[in-house]
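Written below as structure tokens is the structure these notes are about.
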Amino acid sequence: MSASESVLVRTDGEDTAALLRLTDRLYRAEALDDVYEAALDAIGDMLGCRRASILLFDTHGEMRFVAWRGLSESYRKAVDGHTPWKPGDRNAVPIFVPDIAETNEADWLKRTIKSEGITALGFIPLMAKGEVVGKFMTYLPDPHGFTQHERDLAVAIARQVGFSLERYRAEQARSAAEQQIRESEDRFRRMSEDAPIMIWIADSTGRCLHLNQMLRSFWGVEDLGSFDWSHTIHPEDRSGIIKAMQAAVTENSSAHVKGRYRRSDGTYRVLETVARPHLNEGGGFDGMIGVNVDVTEREEADLHKQLLINELNHRVKNTLAVVQSVARQTFKGLATGEPKVKAFEGRLSALAQAHNLLAAESWQSASLEEVARKSVNGDADIRVRISGPPVQLAPKQAVTTAMALHELYTNAVKYGSLRSTGGSVDFSWETTDQPDRWLTLRWSEHGIEPVPKPTRRGFGSTMIEKALGAEFNADVRMDYRPEGLQCTVIARQHETPAA
């Protein structure tokens, strides 16, 4: 009885039993080799083939032998990669060749197949998720017309093997993903343990799931199961911290809060916390992850610095008061409205206004716009238009600018465009990235009556040119025009305000 005839004498019961055995073996397969072995046994048993093979697409999309029976190495090398389908094909159907000699295949391929003792072949696609992932082959030595029953059996075997390959690949992907998660968690824990800051993770109820070594040491925690971090918050800070965390959860935003926490030795330390909600794949709240930084020394230093600044502000105000008192005694014999008295008091007031602005910013910097508005009659004179981008001035620059603007404004009111109600002034500035200039200031007067050019240089113009020029390393141009003074200051030196 030939191999092709052996199929014909099988009963439906035998075929059913063989398919059940294949299903059972594929279900219990622990590796791909087990899948291949079960498939080749079923092909040989149910289709009566002594020779068969299984081929799968590799990562480059090439069809490669992965398991075989009864095929020589030279034959496998010669036909390796040959396939009627491409990766991802979804409408693949089996191909059965009764006699290779009767096909239109290339002569070299026909000779290769015949030299291996093969005449009839079956190409049965292996499908996973609806796409071709490979094929299995049946080989018969004599011409053979494949019956519908044989075709159905071949498709049934391919379907079972395809399901098994799909399950195995899904299991591989799941195992790889789990391995990546384990490696990621391991990297996180190793990084977290050695980090120079306190790192924590809490679940959706606020219970700590993870505290790194630095934070465990801070709180003296050994058993996370019985630890409640909220009990370590200073009573005066508890409400604010809890509300900040709850707001972060509600708004799905980061929380940034400072508070006092009790350390394991019983002392309170100021911790700055930055935390954010952690959401699951469905968008549900899973908990919080955050870091704590001990800023106790920094807070104490800031407090001490603020005390020193307050003392400085107090001394400056006292000094200005003393200067004002001395001035009053000095000018005692002069009338209150005497120009020299008014000029001195105005300059002293401008100096005090600049100091007040700096005091409000802890003597770090002052806004150029604020300095300008305080220097032109407290922003009450609507005839002065002020415009320009945000610019922060260092303390010495702010004081010098305030004094210069006071002189410009006073001069405009007494002699320039503001001596009449219809006149006006534009004070503007602009910044650039050019290395030879970073700030340009412009004071432009627009009078309705001709403004006489001064016959002598006074204190104001001298102070403006020398003080601004020195403080900003600037070019100062004073242009006295009939409509009023045009003063341009091109600053080359940018002194960065203290951080």
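Readers should treat all values here as calculations from the given coordinates under stated rules, not as data from a laboratory. Quick caveat: nothing in here was measured; it's all calculated off a predicted structure. Neighbour counts run over all protein chains shown; Cβ positions are idealised from the backbone, glycine included.
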Computed FRET efficiency, Cβ-Cβ of SER217 and GLU62, R0 45 Å: what is it to the nearest 0.05?
0.20
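Mean separation of Cα pairs under 8 Å and 6+ residues apart, divided by the residue count of the range 12-130: what relative contact order is that in percent?
On the way: 113 pairs, mean separation 19.0, N = 119.
About 16 percent, as a whole number.
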With the label point 7 Å along the Cα-to-beta-carbon line of ASN280 and a cut-off under 11 Å to each amide N, the hits in the range 200-230 are 204
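What FRET efficiency comes out for the pair ALA170/ARG207, r = Cβ-Cβ distance, R0 = 30 Å, nearest 0.05?
Details: r = 34 Å, r/R0 = 1.14.
In this case the efficiency is close to 0.30.
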Spelling out what I want: for every residue of the range 219-234, take phi, set θ = phi - 60°, compute 6.51 cos²θ - 1.76 cosθ + 1.60 (Karplus), and round to whole Hz; glycine and proline get x.
8, x, 9, 10, 10, 5, x, 10, 9, 10, 4, 5, 6, 8, 6, 4
Here is the link list: LYS374/LYS396; LYS305/LYS374; LYS305/LYS466; LYS396/LYS466; LYS110/LYS135. Which ones come out longer than 22 Å on Cα distance?
LYS305/LYS374; LYS305/LYS466
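Loop only by DSSP, 16 or fewer other Cβ within 10 Å of the Cβ. Give me the trypsin sites (Lys or Arg not before Pro) in the range 147-222 that pass, ordered by residue number.
On the way: sites: ARG151, ARG159, ARG167, ARG169, ARG174, ARG182, ARG187, ARG189, ARG190, ARG207, ARG216; in loops: ARG207.
The qualifying sites are ARG207.
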Separation in nanometres of the label points that stand 7 Å from Cα toward Cβ, at ARG182 and VAL295:
4.1 nm
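Extension gain GLU430-ILE95, at 0.36 nm per residue separation less the Cα-Cα distance, in nm? Display every interim value, and only then the final one.
Details: separation 335, 0.36 × 335 = 120.60 nm, distance 7.92 nm.
Between GLU430 and ILE95, full extension yields 112.7 nm more.
For the pair ARG189 and ALA31, what calculated FRET efficiency results from E = 1/(1 + (r/R0)^6), where r is the Cβ-Cβ distance and R0 = 30 Å, to the nearest 0.05?
Details: r = 32 Å, r/R0 = 1.06.
In this case the efficiency is close to 0.40.
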At 7 Å along the Cα-to-beta-carbon direction for both ASP107 and LYS396, put a label point, then send me their distance in nm to one decimal.
9.8 nm
Gained length - SER254 relative to LYS114, 0.36 nm times residue gap less alpha-carbon distance:
43.1 nm
In Hz, Karplus ³J(HN,Hα) per residue of the range 457-469 (6.51, -1.76, 1.60; θ = phi - 60°; x = Gly, Pro)
8, x, 4, x, 5, 5, 5, 4, 5, 7, 5, 5, x
Which distance in nm do the two modelled labels at LYS414 and HIS149 give, with both placed 7 Å along the Cα-to-Cβ direction?
12.4 nm
